[in-house]
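Engineer: One structure follows; several queries about it will come next.
The values are calculated or read from the model by the stated rules, or taken from the named source; none is laboratory data. For clarity, every value in this text was computed on a predicted model and none was experimentally measured. Cβ placement follows ideal geometry from the backbone for every residue including glycine, while neighbour counts extend to all protein chains displayed. Just so you know, the surface numbers come from the protein's heavy atoms only, side chains and all, with ligands and any DNA or RNA stripped out. Shrake-Rupley method; radii C 1.70, N 1.55, O 1.52, S 1.80 Å.
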2 protein chains.
Amino acid sequence: MSRQIIDLLITARWTIPVIPENTVLEDCALAVNQGKIIGVVPQSEAEKRYQAKEQVVLDNHILIPGLINAHGHAAMSLFKGYADDYPLQTWLEEHIWPAEGKWVSPEFVQDGSELAIAEMIRSGTTCFADMYFFPEETAKAALNTGMRCQLYFPILDFPSAWAQDANDYINKGLALHDNYRSNESITIGFGPHAPYTVSDEPLKRIAVLAEELQAPIQIHLHETTKEVNDAVAESGLRPIDRLNQLGLLSPLTQCVHMTEANNSDIELLSTTGAHVIHCPESNLKLASGFCPVKKLQDAGVNVALGTDGAASNNDLDLLGEMRTASLLAKGVSQDASTLNAHQTLALATINGAKALGQEDKIGSLEIGKAADITAISIDSLEATPLFNPASYLAYSQCSHQVSHVWTNGKILLKDRQLQTIDEQALREKAQTWAKRIKASGT
Amino acid sequence: MSRQIIDLLITARWTIPVIPENTVLEDCALAVNQGKIIGVVPQSEAEKRYQAKEQVVLDNHILIPGLINAHGHAAMSLFKGYADDYPLQTWLEEHIWPAEGKWVSPEFVQDGSELAIAEMIRSGTTCFADMYFFPEETAKAALNTGMRCQLYFPILDFPSAWAQDANDYINKGLALHDNYRSNESITIGFGPHAPYTVSDEPLKRIAVLAEELQAPIQIHLHETTKEVNDAVAESGLRPIDRLNQLGLLSPLTQCVHMTEANNSDIELLSTTGAHVIHCPESNLKLASGFCPVKKLQDAGVNVALGTDGAASNNDLDLLGEMRTASLLAKGVSQDASTLNAHQTLALATINGAKALGQEDKIGSLEIGKAADITAISIDSLEATPLFNPASYLAYSQCSHQVSHVWTNGKILLKDRQLQTIDEQALREKAQTWAKRIKASGT
C-alpha cells in the first residue's frame, strides 16, 4: 500500500478543530499539502496514509485554528501605553489624533505594523483585520511576514497625511484594492472611520462600490451611547439607521463595537446580515460601554472578536481577549453559561472568518481549508491539572505558551521564535520610535 | 568612609514603591538586611553606602512590592477547570461541594496548597489570604515554601471532613491560632463561610472572640443579588445588616465580593471600617454581578483584590486580576479614569496590606517594611515600546515575565525558577490527583 507524499504532518496531544462544534480530539494528526489541510486523522492512521516531508510532533500541546483578530489598528502599537486612563473623546482628540498628526508616515506604519504582526504571531493570531493610514505599508508588512490580513483603507471627511478628502481616500483605496485583487492572503476593503467622521455622499459611494466589487466594509459604529445620542439630537436618526438608509448594511458590513444596541438595532443587524466585531478590552478601557453579545447571538447576529489597536488595550493578545469576552458576556447577560469555552474559541476563529467573508477558507481545522494553525503548549505548572483543554484556552492566561504558528502551511513561529521577522532588529526600531516620540514631548 | 554591610542589594531599571503614591523611580537600589528594607536610594549612592553580601542586578526590570492576593481557596487549584460555565449555586451544589465531599483530605489540601503557592509565586504574589478546610495543612505548605499568608479557618453550620459543627470548627481554629500566635509570616483568623451557611449563635461567638484576640475575620458577603433577596425574604434583613447587628463589622472584618452594595451598605462599610475584597474574575465567571469599586472607594472604603479559588477563575494570576479589575471598574463606573494604573497596583499591594491589618509590615517598598519584593522583566517584544512602566503592569499581560520574588529577603523565584519548591515533583503530584478525580467520574 503506497503512502501519499505530503508536505507536513503535525501530530498533537489535543486538537480542537472548532468545526465540528464542541469537539476535542485526542492524539490526532493534521496532514498538510500545498498550504491546505488535506487530512484530520488519528495518529495511528496518519502513519499508514502519509509520507510527510516534514513531521512536527507536539505531544504536550493543543492545536487550534489560527486566531482571527477581526479589528485593529496595527501601526498604533508604537503608541502602546502612550495615553491611558482617558475616555474615548479626550483620548482621541487630545492625545491620539495630535500624536498621529505629528508621527504617522509610511515608515511609521511599516514599523508599527511589523511590531503588531510580531506580537500577534507570538500570541497565536494568523489573520488580522486592520484599518489605518498608509494601508499599502501594512499590506507590505503582512506580505513580508507571511500573515493573512484584510485591510480596510480609511475614509474620512478631513485630511490626513495619507489623503486630502473623502474622494481622495476612496480613490487611493481603490488603487490598492486593484493591486491586491488576485492575492490569496491579502484582501482590501472599505474603512469609513465612523458615522460622525464621514458624511452621506462618500458613504453612498462606498455602498455602491462595495456591492459592485463585493468588497468588505468595516466601520466603527455605536461605540458609545454619546455617539448615538449626539446623532439623534442632530439628525433624529440613530447612526445605524442612517447607514441603513444609505444602503450600507449587508453581509459585507462589519460593525465594530456596538456597545449601544437596542432591540431595533439588533433586529436591523439580524435582517441585513451585517456582522458585529466585539472589542471588549478596548470598550472597557475607554469606558465606552458593554456590547450585548448574548442578545446579538440569540438574534442570529454573527459576533467576531478584535483587540482594537494596542493604544487602547494595551496588548494584541487574542487569547486574552477571548477570556475577557467570555467573562464579561457572562457578567453582562447575568448567565454563567453564556459564551462557554467552545463558543468563546469560535468567536476568535470561525466567527471571524464569517465576518471577513472567508469561512470557506479559514476559521476551522477542516479538510480543504488553508493550513492556518496555532499550537499552545500545556507543558507548564499553570496548565496542571488540565481537566479540559478548551477551558484552559478560554479561562487561563496562556498566550505566552503559544509555541508554533503556521499560515498556508508556512511556519511563522517555531518554539516561540519568530521565523519571518528579525525580532531584535524590530525591537530596536520600535525603541528608536519611542525615544523620538518621548523626546518630542507629544 | 566605611560602608554598611548588608545582606542584599537589588538594583533595578524601574522601581514603583506604591508609597509614595504615583511614583516611578529610575535606576534605584533597594538595600535589604535581616529580611527588611533598610534603604531605597539612587544606584550611584547605593555603592557608596552599602557593601552587600549579595547583589542582584535587574537592569531590564520593574520592581514592585510583592503582590497580596486577598482572597482565595488555595487547595482548590486541584479543581482548576473541573466545572466551568455554571452559575454560583449550581456550581457549588452540583459540582464543587460533591467533589469536595469526595476528595478533600489533609493530603489533598497539602498538595493543592503547594500547587497554588507555586503558581502565585510565579506570578509575583508574596502573600495570600486563604479560607479552606484543613488550614493547618495550608499553613505547613506556606511555611515550607516561604510564602506569607493569612489563613481564615472555615466555620459552617454543617459538617465536613474537617469538623462536625460550628463549635467544633471554631475550637479547632482557635487551637491553630494558638499554634501560630508568634509566627511572623502566618496569621490565623476566622472564616465564617457566608451569612447563609452560618447561623447567629456562632457568628456572635466569632465577633466576641475576634475582638478579644484582635484576629481578622473574612466572610463571603453579598456575592449575588439572589443571596441578598433570599435573606430579605426570609428575615427582612440584608445580610450585611444582620452581620452588623451581631457585632461582626469592624476594621478586623474583610467582606469578600460585595457585588450587591446599595448606598446604605456602602455607608455601613464606611462607618464600621470593614474592608471589601474584590474578586472581579470570579464574579464575572459565575455571573455573580459587578462590585461598585469606584463608589466604595469614593466613600472611603478600603478595597483589596483577590483571585478567589482557581476553580472559578481559572488562574491565580494577580497581575491579570489587576488588569481585569481596572478595565471592569472603568466600564462599570462609565469613567475611563477610574482605577488608573497606579491605583490598580495599590489595590493588589497596600490596600491588601490594610485589609489584612498589616500595612505597617507589607504592601509597599518603604524603609522598615519586610523585603517582600517582585521583579518583572521588560526584556520582551511585548514590552516594547514602554512609555510608562505602571501602565505596562496594569494593562498588558505580563505575569509570565515575573522573574524574581522575595519574601522577608529570602528568594522564592530566581530567573523564573522556583527556589523552595520542586516543580517537577509538584506537577507529578497534581497530575496524579487529576487522574484519580477524572477516573472516578465525579
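Engineer: What is the one condition in (1) away from chain A (no Cβ under 14 Å); (2) part of a helix (DSSP H, G or I) that B:Glu94 does not satisfy?
Structural biologist: Result: B:Glu94 fails condition (1) only.
Engineer: Any idea which of A:Leu328, A:Leu318 is over 28 Å from A:Asp59 (Cβ atoms) and modelled with pLDDT of 95 or more?
Structural biologist: Answer to the selection: A:Leu328.
Engineer: Then there is this: I'd like the full set of residues that are within 29 Å of the chain's Cα centre (by Cα), touching a residue at least 40 places away in the same chain (Cβ under 8 Å), more than 21 Å from B:Leu413 (Cα to Cα) and part of a strand (DSSP E or B), limited to the range B:1-58.
Structural biologist: B:Ile38, B:Gly39, B:Val40
Engineer: Test A:Asn314 against the criterion of being assigned to a loop (DSSP other than H, G, I, E, B), surrounded by 24 or more Cβ atoms within 10 Å (Cβ to Cβ) and not hydroxyl-bearing (Ser, Thr, Tyr), and give yes or no.
Structural biologist: It is true that A:Asn314 is assigned to a loop (DSSP other than H, G, I, E, B), surrounded by 24 or more Cβ atoms within 10 Å (Cβ to Cβ) and not hydroxyl-bearing (Ser, Thr, Tyr).
Engineer: Further question on the same structure: Go through the range A:393-410 and count every residue that is within 14 Å of another protein chain (Cβ to nearest Cβ), outside any strand (DSSP E or B) and not aromatic (Phe, Trp, Tyr).
Structural biologist: Selection size over the range A:393-410: 8.
For every residue, the table says whether it meets (1) in a strand (DSSP E or B); (2) among the acidic types (Asp, Glu); (3) modelled with pLDDT of 95 or more.
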| site | (1), (2), (3) |
| --- | --- |
| A:Pro154 | yes, no, yes |
| A:Leu174 | no, no, yes |
| A:Asp178 | no, yes, yes |
| A:Asn183 | no, no, yes |
| A:Phe190 | yes, no, yes |
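Engineer: Then there's this: Return yes or no: is B:Ser380 in contact with a helix residue (DSSP H, G or I) (Cβ under 7 Å, 6 or more places away or on another chain), among the polar types (S, T, N, Q), surrounded by fewer than 24 Cβ atoms within 10 Å (Cβ to Cβ) and more than 14 Å from chain A (Cβ to nearest Cβ)?
Structural biologist: In short, no.
Engineer: So is A:Gly289 within 13 Å of chain B (Cβ to nearest Cβ), in contact (Cβ under 8 Å) with a residue 24 or more places away in the chain and open to solvent by 10 Å² or more (accessible area, probe 1.4 Å) or not?
Structural biologist: Values: within 13 Å of chain B (Cβ to nearest Cβ): yes; in contact (Cβ under 8 Å) with a residue 24 or more places away in the chain: yes; open to solvent by 10 Å² or more (accessible area, probe 1.4 Å): yes.
The answer is yes for A:Gly289.
Engineer: Name every residue in the range A:47-86 that is over 21 Å from A:Ser377 (Cβ atoms), small (Gly, Ala, Ser) and out of contact with any Phe, Trp or Tyr (no Cβ under 7 Å at 6 or more places or on another chain), in order of residue number.
Structural biologist: Hits for the range A:47-86 are A:Ala52, A:Ala70, A:Ser77.
Engineer: Wholly within the range A:242-308, which helices (runs of 4 or more DSSP H) include no fewer than the required count, namely at least 1 residues that are farther than 14 Å from A:Lys354 by Cβ and not assigned by TED's automatic domain parsing to the domain that holds A:Lys80?
Structural biologist: none
Engineer: I'm checking my understanding of the structure. Among residues of the range B:193-215 that are open to solvent by less than 20 Å² (accessible area, probe 1.4 Å) and among the small types (Gly, Ala, Ser), which one is farthest from B:Asp241 (Cα to Cα)?
Structural biologist: Restricting to residues being open to solvent by less than 20 Å² (accessible area, probe 1.4 Å) and among the small types (Gly, Ala, Ser), the top hit is B:Ala215.
Engineer: Just a yes or no: is a residue in the range B:353-371 in contact with a helix residue (DSSP H, G or I) (Cβ under 6 Å, 6 or more places away or on another chain) and closer than 30 Å to B:Val104 by Cβ?
Structural biologist: yes
Engineer: Give me a count of the residues in the range A:429-442 that are open to solvent by 50 Å² or more (accessible area, probe 1.4 Å), facing another protein chain (nearest Cβ under 9 Å) and not polar (S, T, N, Q).
Structural biologist: 2
Engineer: Looking at the range B:166-181, which of its residues are open to solvent by less than 70 Å² (accessible area, probe 1.4 Å) and within 24 Å of B:Trp103 (Cβ to Cβ)?
Structural biologist: B:Ala166, B:Asp168, B:Tyr169, B:Gly173, B:Leu176
Engineer: Here is a follow-up. Across the range B:59-88, which residue is nearest to the other protein chains (Cβ to nearest Cβ) among those that are surrounded by fewer than 21 Cβ atoms within 10 Å (Cβ to Cβ) and part of a strand (DSSP E or B)?
Structural biologist: B:Asn60
Engineer: Let me ask something additional. Which of the residues spanning the range B:310-357 are hydrophobic (A, V, I, L, M, F, W, C) and within 8 Å of chain A (Cβ to nearest Cβ)?
Structural biologist: If the condition is that a residue be hydrophobic (A, V, I, L, M, F, W, C) and within 8 Å of chain A (Cβ to nearest Cβ), then B:Leu327, B:Leu328, B:Ala336, B:Ala341 are the ones that fit.
Engineer: Any residue in the range A:420-428 that is open to solvent by less than 10 Å² (accessible area, probe 1.4 Å), within 14 Å of chain B (Cβ to nearest Cβ) and assigned to a loop (DSSP other than H, G, I, E, B)?
Structural biologist: no
Engineer: Counting only residues that are assigned to a helix (DSSP H, G or I) and touching a Leu at 6+ places or on another chain (Cβ under 7 Å), how many does the range A:210-237 have? Don't jump to the end; show me each part of the working.
Structural biologist: Restricting attention to the range A:210-237, the residues satisfying the condition of being assigned to a helix (DSSP H, G or I) are A:210-213, A:225-235.
Filter once more, keeping what is touching a Leu at 6+ places or on another chain (Cβ under 7 Å): A:210, A:231.
Residues in the range A:210-237 being assigned to a helix (DSSP H, G or I) and touching a Leu at 6+ places or on another chain (Cβ under 7 Å): 2 in total.
Engineer: Would you say A:Lys294 is in contact (Cβ under 8 Å) with a residue 24 or more places away in the chain, under 21 Å from the mean Cα position of the chain (by Cα), within 14 Å of chain B (Cβ to nearest Cβ) and farther than 30 Å from A:His95 by Cα?
Structural biologist: It is true that A:Lys294 is in contact (Cβ under 8 Å) with a residue 24 or more places away in the chain, under 21 Å from the mean Cα position of the chain (by Cα), within 14 Å of chain B (Cβ to nearest Cβ) and farther than 30 Å from A:His95 by Cα.
Engineer: Can you tell me how many residues in the range B:251-272 are open to solvent by 30 Å² or more (accessible area, probe 1.4 Å) and more than 14 Å from chain A (Cβ to nearest Cβ)?
Structural biologist: Filtering the range B:251-272 down to residues open to solvent by 30 Å² or more (accessible area, probe 1.4 Å) leaves B:251-252, B:260, B:262-264, B:267, B:270-271.
Cutting the leftovers down to more than 14 Å from chain A (Cβ to nearest Cβ) gives us B:251-252, B:262-264, B:267, B:270-271.
Number satisfying all stated conditions: 8.
Engineer: For the range A:89-100, give me each residue that is open to solvent by 10 Å² or more (accessible area, probe 1.4 Å) and either among the hydrophobic types (A, V, I, L, M, F, W, C) or without any contact (Cβ under 8 Å) to a residue 40 or more places away in the chain (or both).
Structural biologist: Listed by number, the residues that qualify are A:Thr90, A:Trp91, A:Leu92, A:Glu93, A:Glu94, A:His95, A:Trp97.
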